[in-house]
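Step one of this worksheet: look at the structure below.
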Amino acid sequence: MFNVRRILLIGVVLSLVFTVSFSSLAIAAEPVSKQEVSSSEKVDIGVSKCYHWYHQIISEKPLYLNDGETDTWYDTVKGKVVIKWNNLIPIYNSLNAELQANNKVKYEFTLVSCESYSSDFIKGTFDIKKNGVLVASNIKGQLYGLNLSEGEYFKFYSDDMKWHFSAYITDRIDGSIGICK
């Protein structure tokens, strides 16, 4: 039992260190140009393989949503989307989209695992809940348009094109750090 608590405590501490470190570095960080990577590669930006990048997008202005279960299209959507991804610690890549359609139906999209990612996209598997009930589990899909500026919008589509949401970027944090392993 002690080992489980110790591992849990270490995970929480690492998560806090990661969040604080990457959030505070965003002010002084420079953007990275070439960033495509699979989940097991380092990024080569032409300077050194010691540079790692991170991004965070926040949207408080969802645009559209399509329910892949009922094929219902919603143009009145409220909610918040937070996407975080980096190439240093891929297990911290995340999507949390809590969307409400027509003030009634609540959806939650979460990233389960990443297949590949860059500054512009995240390709992986996703879970989707509708009113708290899991309606789509481990579906393949892609978030793209993630490198656009504030005011532009990004999209999510499942590979079968049944599920979709899009949202305006209302805030973003981007940067790179030099860490050699």
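The values are calculated or read from the model by the stated rules, or taken from the named source; none is laboratory data. Nothing here was measured: the structure is a model prediction, and the numbers come from that model. All Cβ positions, glycine included, derive from the backbone under ideal geometry; neighbour counts span all protein chains shown.
Residues in the range 114-130: is at least one part of a strand (DSSP E or B), modelled with pLDDT under 95, touching a helix residue (DSSP H, G or I) at 6+ places or on another chain (Cβ under 9 Å) and under 19 Å from residue 85 (Cβ atoms)?
Yes - at least one qualifying residue is present in the range 114-130.
So which of 137, 149 is without any contact (Cβ under 8 Å) to a residue 60 or more places away in the chain, surrounded by fewer than 16 Cβ atoms within 10 Å (Cβ to Cβ), among the hydroxyl-bearing types (Ser, Thr, Tyr) and part of a strand (DSSP E or B)?
137
Taking only the range 138-166 into account, find how many residues are of a type in the set (A, V, I, L, M, F, W, C) and within 13 Å of the chain's Cα centre (by Cα).
Total meeting the criteria: 4.
Can residue 99 be described as aliphatic (A, V, I, L, M), within 18 Å of residue 62 (Cα to Cα) and either at pLDDT below 95 or surrounded by 15 or more Cβ atoms within 10 Å (Cβ to Cβ) (or both)?
yes
Looking only at the range 53-68, decide whether some residue is assigned to a loop (DSSP other than H, G, I, E, B) and of a type in the set (S, T, N, Q).
Within the range 53-68, not a single residue is assigned to a loop (DSSP other than H, G, I, E, B) and of a type in the set (S, T, N, Q).
Scan (1) hydrophobic (A, V, I, L, M, F, W, C); (2) in a strand (DSSP E or B); (3) farther than 19 Å from residue 74 by Cβ for the single condition residue 167 breaks and write down its number.
(3)
Free of Cβ contacts under 8 Å to residues at least 24 places away in the same chain and over 25 Å from residue 54 (Cα atoms): which single residue out of 104, 123 fits that description?
Going through 104, 123 in turn, the sole match is 104.
Return the pairs, sorted by first residue and then second, in which the second residue is hydroxyl-bearing (Ser, Thr, Tyr) and crowded, with 16+ Cβ neighbours inside 10 Å, the first residue lies in the range 154-173 and is over 15 Å from residue 120 (Cα atoms), the beta carbons are less than 6 Å apart, and the residues are 6+ apart or on different chains.
So the pair list comes out as 164/157; 170/59.
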